[in-house]
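The values are calculated or read from the model by the stated rules, or taken from the named source; none is laboratory data. Predicted, not measured: the structure shown is a model, and the values here were computed from it. Glycine gets a Cβ as well: all are built from the backbone with ideal geometry, and neighbour counts include every protein chain shown.
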Amino acid sequence: MNDDLKRKKIGIITLGCDKNTVDDEYLAGLLEDSGFEVVPIEDFDGKECFDVVIVNTCGFILDAKKQSAEVIGKIADIKKDSGNPQIFIVIGCLAQRYAQEILKEVPEIDAIFGVGQINSIVKFLKGEIVAEEKVVQVPKTPLVKVDNYIRRKKLLSGYYSFLKIADGCSHRCSFCAIPKMKGPYNSVPMDILLKEAEELLNSGVKEINLIAQDITKYGRDLKGGYGLAELIKELAKLKGEFWIRCLYCLPGGITKKFLNTIANEEKVAHYIDMPIQHTDPKLLKLMNRPSANLDIFVFTKQIRKLIPDIVLRTTVIVGFPGETFGAFKRLLKDLGQLRFERLGAFTFSPEEGTPAEKLPKKISSLIAERRFQLLMETQSEISYEYNKSRIGKVYRVLVERFDDAKRCWIGRSYAEAPEVDGIIWVNSKAPLQLGNFYNVRITSAETYDVVGEVVED
């Protein structure tokens with residue numbers, strides 16, 4: 001059966017985080033190099049025929065699990081009714097955690113693979129792995145390690161991409177199951193990353209976003225004595241005009257050396273994504289955060305002094321077990337003073353097998369949702385104030401697409417990370433080239449977006 005699939009069409013559905021996107025691009029590259037046609041699928045409805053559909057799942061929080069389950073169920077129903085696709089494969093974090101349960105509930109699945117199994121997936125589709133019944137490859141001790149260059153087939157549209165510099169996690173935050181799903185932290189050797197980044201730039205990418213569970217730990221597990229700062233400096237030597245953006249930086253790992261690199265390297269965006277999760281000391285200890293003892297006020301003040309135009313993004317959790325109303329009020333007050341330009345928030349999701357799942361003093365979903373709304377109302381005011389402060393200033397903007405309805409271009413500056421932050425609506429008398437950089441003066445502000453006009457040279 002599998003030998004007949006060569007040169008046939010494979011669709012990949014990516015769910016969850018941008019790390020899954022990178023994994024799927026590795027997989028797509030390997031499949032394409034093996035003679036398969038590979039296309040990304042946003043929403044499978046059965047109208048387009050596929051020989052194989054692969055769903056890369058997310059198992060991080062409840063909403064992500066629900067989305068993965070819904071997509072799996074939908075494809076299974078279509079396959080059952082129409083025979084499209086011929087082969088249905090489920091991979092990724094949810095598969096790693098619940099492989100047998102998924103197979104029991106969804107018999108239409110032909111194979112299931114846990115994390116770090118992309119080579120096995122290719123072998124299966126080439127007919128090199130044969131089983132009497134379902135193929136199940138889920139490692140008992142997960143380990144995601146990249147020690148060879150893999151050509152990526154870009155699945156994302158647009159002019160940005162993600163460079164996964166490490167996988168796995170060695171932190172032990174009480175609410176997080178990622179170490180159980182992906183194993184310990186493993187850095188990707190620098191030579192592989194530089195080659196991968198160069199290929200991305202050659203394909204037209206103008207922004208490289210560094211990602212991992214915590215990019216500040218990069219290189220500590222490798223021989224050679226290099227770390228994140230050295231990696232960034234080497235990436236910045238690559239030719240062309242492009243940005244390097246630093247995402248997923250745990251505050252406790254941010255060093256003066258790293259900050260100086262951001263300040264001094266022209267290609268590095270003055271932007272740091274640093275999840276703090278909360279500001280209440282008792283909750284931070286319950287969360288077992290590695291930066292629980294860090295004075296976030298002193299720390300952010302030091303960052304802003306060194307890099308005055310820095311944009312700081314953070315992530316927080318509301319409704320964590322034991323979060324009293326006083327602790328939540330403290331969080332709101334602290335965020336009002338810290339003035340993070342960008343913020344993402346989640347309501348607590350109890351993850352099976354984590355210490356936080358067993359903590360007492362649970363917060364009801366109704367209260368947690370209300371706190372989430374109050375938090376985002378506070379942040380919307382902060383965001384609007386920041387955007388208003390930008391009026392009249394000129395920014396280097398990467399123009400990414402044209403909006404036919406508004407008859408203007410859409411782009412981002414260093415202050416807007418892709419997918420999670422706002423955009424810049426760009427007006428121009430002359431046509432603009434997508435994928436190019438332009439100087440844009442901000443003319444008006446909205447809550448999360450700004451409007452600007454191209455500054456004539």
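Can you confirm whether the range 341-358 contains a residue that is buried (at least 16 other Cβ atoms within 10 Å of the Cβ) and touching a Gly at 6+ places or on another chain (Cβ under 7 Å)?
Yes: one or more hits.
Within the range 108-125, how many residues are part of a loop (DSSP other than H, G, I, E, B) and not hydrophobic (A, V, I, L, M, F, W, C)? Talk me through it step by step, then tell me what you get.
Initially, the range 108-125 is screened for residues part of a loop (DSSP other than H, G, I, E, B), giving 108-110, 114-117.
From the residues that got through so far, the ones that are not hydrophobic (A, V, I, L, M, F, W, C) too are 108, 110, 114, 116-117.
The total comes to 5.
Here are the criteria: (1) part of a helix (DSSP H, G or I); (2) farther than 27 Å from Val205 by Cα. Tell me which single one Glu128 does not satisfy.
With (1) part of a helix (DSSP H, G or I); (2) farther than 27 Å from Val205 by Cα applied to Glu128, the lone miss is (1).
Could you please give the count of residues in the range 366-425 that are polar (S, T, N, Q), closer than 23 Å to Val455 by Cα and free of Cβ contacts under 8 Å to residues at least 24 places away in the same chain?
Residues of the range 366-425 that are polar (S, T, N, Q), as a first pass: 373, 378-380, 383, 387, 389, 413.
Within this subset, residues satisfying the condition of being closer than 23 Å to Val455 by Cα are 387, 389, 413.
If we keep only those that are free of Cβ contacts under 8 Å to residues at least 24 places away in the same chain as well, we get 389.
Of the residues in that region, 1 qualify.
Out of everything in the range 260-280 that is part of a loop (DSSP other than H, G, I, E, B) and β-branched (Val, Ile, Thr), what residue ends up being surrounded by the fewest Cβ atoms within 10 Å (Cβ to Cβ)? Let's see the steps before the verdict.
We begin by selecting, within the range 260-280, every residue part of a loop (DSSP other than H, G, I, E, B); these are 265-267, 274-276, 278-280.
Checking which are β-branched (Val, Ile, Thr) leaves us with 276, 279.
Working: Ile276: 25, Thr279: 19.
Per the stated criteria, the residue is Thr279.
Exactly one condition in (1) exposed (fewer than 15 other Cβ atoms within 10 Å of the Cβ); (2) not in a helix (DSSP H, G or I) is not met by Gly73; state its number.
For Gly73, the failing item is (2).
Just a yes or no: is a residue in the range 367-388 of a type outside the set (Ser, Thr, Tyr), under 30 Å from Glu241 (Cβ atoms) and buried (at least 16 other Cβ atoms within 10 Å of the Cβ)? Explain how you work it out, then say what you get.
So the first thing to find is which residues in the range 367-388 are of a type outside the set (Ser, Thr, Tyr), and the list is 367-377, 379, 381-382, 385, 387-388.
Then drop every residue that is not under 30 Å from Glu241 (Cβ atoms), which leaves 387-388.
Then drop every residue that is not buried (at least 16 other Cβ atoms within 10 Å of the Cβ), which leaves 387.
Within the range 367-388, one or more residues are of a type outside the set (Ser, Thr, Tyr), under 30 Å from Glu241 (Cβ atoms) and buried (at least 16 other Cβ atoms within 10 Å of the Cβ).
Out of Pro290, Pro321, Pro360, report the one residue that is more than 28 Å from Thr255 (Cα to Cα), modelled with pLDDT under 95, part of a loop (DSSP other than H, G, I, E, B) and not polar (S, T, N, Q). Outline the logic, then answer.
Working: Pro290 fails: more than 28 Å from Thr255 (Cα to Cα); Pro321 fails: modelled with pLDDT under 95.
Checking each option against the conditions leaves just Pro360.
Need the failing condition index for Gly252 against (1) over 18 Å from Leu210 (Cβ atoms); (2) surrounded by fewer than 21 Cβ atoms within 10 Å (Cβ to Cβ), just the number.
Checking Gly252 against (1) over 18 Å from Leu210 (Cβ atoms); (2) surrounded by fewer than 21 Cβ atoms within 10 Å (Cβ to Cβ), the one that fails is (1).
Where in the range 386-457 are there strands (runs of 3 or more DSSP E), lying wholly inside it, with at least 2 residues that are among the aromatic types (Phe, Trp, Tyr)?
Working: elements: 394-403, 408-412, 424-427, 437-445, 450-454.
Output list reads 394-403, 437-445.
Name the residue that is farthest from the chain's Cα centre (by Cα), counting only residues in the range 325-347 that are within 15 Å of Glu369 (Cα to Cα) and not in a helix (DSSP H, G or I).
Thr347
Kindly establish whether Val420 is modelled with pLDDT of 95 or more, more than 27 Å from the chain's Cα centre (by Cα) and β-branched (Val, Ile, Thr). Outline the logic, then answer.
On the way: modelled with pLDDT of 95 or more: yes; more than 27 Å from the chain's Cα centre (by Cα): no; β-branched (Val, Ile, Thr): yes.
Answer is no for this residue.
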